[in-house]
């Protein structure tokens with residue numbers, strides 16, 4: 001039998017639990033509101049900054065195209081960028097690896113990295129270096145997100161989430177792929193696991209930044225696949241074969257970038273000599289080839305892959321060489337746009353051989369190569385959907401899966417961790433090769 005004291009004790013216990021639950025719900029609601037506001041701030045700030053960068057890139061590339069003689073300033077550009085980083089940043093810059101390392105650990109991510117990568121990437125493209133723009137986007141977004149996190153007095157864990165928000169915002173603003181951008185910053189850090197706690201903030205930042213970019217006149221990329229054949233057993237087998245080849249191409253590309261950079265750094269310890277040799281080698285190769293199709297982003301060549309232009313196998317090989325020479329000697333930019341170039345031209349060249357439409361194979365190649373070099377299958381699939389639509393979904397799905405499997409533990413970003421094996425449910429926790 002319960003006496004009055006027992007009843008009072010139970011009532012008090014229920015009251016304490018109810019108050020605790022109410023406090024917990026209030027804190028959760030406050031956290032949701034706080035993160036939403038913070039994500040919007042990052043989206044607005046990074047969206048505006050990245051849009052300015054994208055519009056400046058458009059102007060710089062147009063200027064170089066109409067003034068081809070600027071290519072002769074390639075060595076000067078490399079030396080100038082080296083000087084800027086050595087005397088302004090005063091730290092060793094490892095590109096996107098710096099941002100990934102800042103999320104994984106307490107590695108410093110200085111705010112001044114944002115304007116520096118902005119200026120250095122513009123110089124790279126003005127003189128004709130073969131690079132992309134996403135490296136600048138991820139670094140700018142990460143640095144701004146981290147700076148806003150410091151301004152809001154967030155703890156170290158929450159500042160890492162802000163870095164991911166900034167990465168998503170910048171990627172979305174420049175590429176016009178908000179779904180892929182929201183996921184990419186969470187997926188690229190550690191292969192095998194994702195930082196789902198950052199999902200809502202990254203989604204909000206990505207969508208806000210894309211809206212800002214659209215308002216400021218930075219259009220999203222859009223490619224049309226004119227013919228999509230029926231997905232049958234024969235075509236499935238052909239796509240699997242092609243995806244396996246894409247996996248090997250991604251390994252070759254990543255290996256070339258890493259090994260040549262190590263070679264140059266080992267042979268040329270003076271950064272200015274390294275910049276001079278690297279810039280001169282890109283210039284010499286441009287003169288030997290006889291065109292500037294492989295300099296800068298090469299988006300015109302990517303577009304031609306979807307309009308029926310004849311693409312030879314040497315095109316993707318030359319882009320690998322141009323990008324390797326460029327990014328190994330001090331120029332700034334990124335590897336993703338060159339990756340899309342390589343995937344598109346490789347696919348368009350292989351299309352006639354496999355008996356499949358070149359535009360479809362170019363699209364599949366872009367998705368498969370992106371997956372192979374970043375180890376991000378979900379982001380790769382979303383990029384395909386946003387750039388090319390959903391009609392070719394079975395082709396994208398199969399190609400991305402096989403490219404992820406075949407590419408092994410290679411990758412563009414040395415700071416990226418392979419937490420779980422690609423082949424078994426084993427915890428391995430190793431860096432990419």
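The values are calculated or read from the model by the stated rules, or taken from the named source; none is laboratory data. The structure displayed is predicted, hence computed values, not measured ones. Every residue, glycine among them, receives a Cβ derived from its backbone with ideal geometry; neighbour counts consider all protein chains shown.
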Could you tell me which of the residues 381, 325, 356 is in a helix (DSSP H, G or I) and surrounded by fewer than 24 Cβ atoms within 10 Å (Cβ to Cβ)?
-> 381
Identify, by number, the condition in (1) touching a helix residue (DSSP H, G or I) at 6+ places or on another chain (Cβ under 7 Å); (2) surrounded by 15 or more Cβ atoms within 10 Å (Cβ to Cβ); (3) modelled with pLDDT of 95 or more that residue 257 doesn't meet.
-> (3)
Within segment 215-235, work out how many residues are under 28 Å from the mean Cα position of the chain (by Cα), surrounded by fewer than 17 Cβ atoms within 10 Å (Cβ to Cβ), farther than 18 Å from residue 302 by Cβ and touching a residue at least 12 places away in the same chain (Cβ under 8 Å).
-> 2
Considering only segment 272-296, how many residues are touching a residue at least 60 places away in the same chain (Cβ under 8 Å), assigned to a helix (DSSP H, G or I) and buried (at least 18 other Cβ atoms within 10 Å of the Cβ)?
-> 8
Residues located in segment 305-321, provided they are over 22 Å from the mean Cα position of the chain (by Cα) and either part of a helix (DSSP H, G or I) or crowded, with 17+ Cβ neighbours inside 10 Å (or both) | 306, 311, 313, 314, 315
Checking 422, 332 in turn, the sole residue that is in a loop (DSSP other than H, G, I, E, B), farther than 19 Å from residue 237 by Cα and touching a strand residue (DSSP E or B) at 6+ places or on another chain (Cβ under 9 Å) turns out to be 422
